[in-house]
1. Quick check on this structure: which one of 99, 165 is closer than 26 Å to residue 304 by Cβ, surrounded by 19 or more Cβ atoms within 10 Å (Cβ to Cβ), modelled with pLDDT under 90 and assigned by TED's automatic domain parsing to the domain that holds residue 208?
2. Taking segment 78-112 only, how many residues are part of a helix (DSSP H, G or I) and within 28 Å of residue 205 (Cβ to Cβ)?
3. How many residues are in a loop (DSSP other than H, G, I, E, B) and touching a helix residue (DSSP H, G or I) at 6+ places or on another chain (Cβ under 8 Å) if we restrict to segment 274-297?
4. Let me spell it out: the conditions are (1) at negative phi; (2) at pLDDT 90 or above, and residue 196 meets all of them except one. Which number is the exception?
5. Specify the residue that is nearest to residue 294 (Cα to Cα); the eligible residues are those in segment 304-314 that are exposed (fewer than 15 other Cβ atoms within 10 Å of the Cβ) and in contact (Cβ under 8 Å) with a residue 24 or more places away in the chain.
6. Residues 368, 358, 321: which one is at pLDDT below 95 and surrounded by 15 or more Cβ atoms within 10 Å (Cβ to Cβ)?
7. Look through 181, 205 and report the one residue that is within 30 Å of residue 306 (Cβ to Cβ), modelled with pLDDT of 80 or more, touching a helix residue (DSSP H, G or I) at 6+ places or on another chain (Cβ under 8 Å) and crowded, with 18+ Cβ neighbours inside 10 Å.
8. What number goes with the only condition from (1) out of contact with any helix residue (DSSP H, G or I) (no Cβ under 9 Å at 6 or more places or on another chain); (2) in contact (Cβ under 8 Å) with a residue 24 or more places away in the chain; (3) closer than 26 Å to residue 41 by Cα that residue 76 does not pass?
């Protein structure tokens, strides 16, 4: 018989005081009843303007819904809130996974709230292409900011189409602004096509980088660099300070290779540590300088107008795409047409034209019947 003690798993809980189940049936019934009651459009608008966070969250849920009834209701709420929106500073923050976006946003957000700002963080979480699920863990990662009464964190799943989520994020900005948030931070899913969508809805675009990971050369992607209004090398603490300073110089040199921005703003580079908070306040000072310049030369307002036009066209494109794939006649014909294309029985272009002709013919017939 072995004298060695059996190893206890680190995940095993020690027996403790048993908890008594104290759930009020009345409380449960009240909560369930409340959730079933759908607030009216007027109730939602009044609640948002009164800065009620629960009402704001319910309105955003309507915006994110794919239910046509919910979308129609959400559009009315957005239109009613529009006159009270547009007064915030919209900041987009991007960077490769592992760069420390969430940690940076929490440190940055805490500095902003200490200055009296009301901060809304809209974090887009990538959805699995297999299970279609999302972790939505940003609230967990920003455990200090989430407890701040002047901050609001709303994680959203990216879903299957970036465009749909981008449009919903744009609409969510309107609701948050109407609810009194004067600083909107949008965290992207990571370096990729999402940056283009986020760049088209923010005033200031911040690119987070890290040193010592091939970032100085491999991370210099022309598209992302051209969009950035500032590059911040994060994790500049401990033994990494010198590497961060070197990376700052490399990125600063790279910025001179790009054409000047229409706004007249010259992108900046800096270092920071989200752990020690060193350099975080400098980022906000940079954004304030950007605001002063772009508002004085009117490029701030010109960009906002261009963005509104862009999102009108994007919404049309998204609606047409959704309408096409949701049409029952198209759904019935699509699978057989796919097989025909795979078997070289019809060209992809002829197949696409066939489906489009069917879609428009059906739409015309439905219109005449109505």
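1. Answer to the selection: 165.
2. Here the count works out to 18.
3. Residues flagged as in a loop (DSSP other than H, G, I, E, B) and touching a helix residue (DSSP H, G or I) at 6+ places or on another chain (Cβ under 8 Å) within segment 274-297 amount to 3.
4. The single condition residue 196 does not satisfy is (2).
5. Ranking the qualifying residues of segment 304-314, first place goes to 304.
6. Working: 368 fails: surrounded by 15 or more Cβ atoms within 10 Å (Cβ to Cβ); 321 fails: surrounded by 15 or more Cβ atoms within 10 Å (Cβ to Cβ).
Result of the check over 368, 358, 321: 358.
7. Exactly one residue qualifies, and that residue is 205.
8. (1)
The values are calculated or read from the model by the stated rules, or taken from the named source; none is laboratory data. All of these numbers come straight from a predicted model, not from anything done at the bench. With ideal geometry, Cβ positions are generated from the backbone for all residues, glycine too; neighbour counts draw on all protein chains shown.
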